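FYI, it's all coordinate maths here, none of it is from the lab. This structure is a prediction, so every number in the text was calculated from the model and none was measured. Ideal geometry is used to build each Cβ from the backbone, glycine not excepted, and the neighbour counts take in all protein chains shown.
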């Protein structure tokens, strides 16, 4: 093989790699988009005030939990819940995803933000309860067909518990808005 | 039967639901596990989709009254039913309290310490839904044979908490959280606090050394300080300072200090200093 044909081959291979990478880019960006926390109010937490570093960790982990839930429900991937969910919350959403997958259904959520107010932070620092007013657009799908779309102002009661080096969602229970 | 009693017609005409889109409707609620009925207008069959927080279903149904079983509606949260491109949502809320998840902290605590025992109780129904209605919860901490301490609180948003002082008597304290017929028990080991005071006496050993021995070492509530606690005996004389660390064994600590014709003997454990003895040549 001559030098010219070699360099052409390399160029073509590089073009292919770049094109393939660009094709993947939108999906990657979509997966990485964070679930925004519009506000996080820990002032009314009882019986113990929340330390600043704890508040930051909770915000980071809760936002990440929503990010993974949104992706898990859209792509029917229960494994995405393992990092940020535990206990009942993980079981319930895993079950939801399993039945979605079984029926060829999915939910696409566009997350417009969360207003979180902490109501309880345990004296031993192991558990935290909060109310989350979430602004969501939910698209219900059967395969690629959109069954219905709605914009909901959802209110969740959330129980987070401290794990080894993060906070995990143990309860994520939607309640009627006040 | 219970399911039937609680079953009611939501009265939702799916065909009309889109008319209410401008204003958020007040959604109906169903108790977890009770089941309900959806009214699907028209004749013939159609496909009903039901999206919930712990499961979804897709099935062909005959129009009219469509029953949703209690099994489908066990988990609290929003459920969205979709038929013919129209939707209807309703909430499932927690049922009566059936389970208390109780976290007690710490597992060992010094006796007679103010606010040292913490408890948090989380209230759930039989399907693991958080019971958000205000619910009375009683906390009790006591060693057998003592009155202990009891506190009644009302759970708010499914959580009740308490901060109690440990009792004066050492031993395994039963820490109980109860609400209605549901009761959960944890054991908090109450151990002696720091020694209240320490007394020693000295005598000459057969080999001429100084034998020092404490009186029973107790905390201020009369609980024996645990065996293994270090007690330090010190002797200061013209030759210098000698120190011996001894462990409490069966409530006492004893040690031998080097022989001396004249010395000052002292004893300490933790932050507590004991008595001093001036050891003379004639003792």
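Data for the structure
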{"quantity": "Per-residue Cβ neighbour rank within 10 angstrom, fewest leading, A:151, B:105", "calculated": "A:151, B:105"}
{"quantity": "Beta bridges per DSSP with both ends in the protein assembly as shown, % antiparallel, nearest 5", "calculated": "90 percent"}
{"quantity": "Ranked B:214, B:232, A:99, criterion: other C-beta atoms within 10 Å, fewest first", "calculated": "B:232, A:99, B:214"}
{"quantity": "For the stretch A:96-138: rounded, prolate or oblate by the Cα gyration tensor [a/c cutoff 1.5]", "calculated": "oblate"}
{"quantity": "Residue-averaged beta-carbon neighbours from other chains (10 angstrom radius) around A:82-94", "calculated": "2"}
{"quantity": "Residue exposure sequence - B:165, A:44 - by fewest surrounding Cβ within 10 Å", "calculated": "A:44, B:165"}
{"quantity": "Over chain B: helical MRE at 222 nm, DSSP H runs n ≥ 4 each giving -39500 (n - 2.57), nearest 500", "calculated": "-500 deg cm²/dmol"}
{"quantity": "Percent RCO, i.e. relative contact order, over chain B, from Cα pairs under 8 Å lying at least 6 residues apart", "calculated": "11 percent"}
{"quantity": "Within 10 Å of each Cβ in B:87-95, the average number of Cβ atoms from other chains", "calculated": "2"}
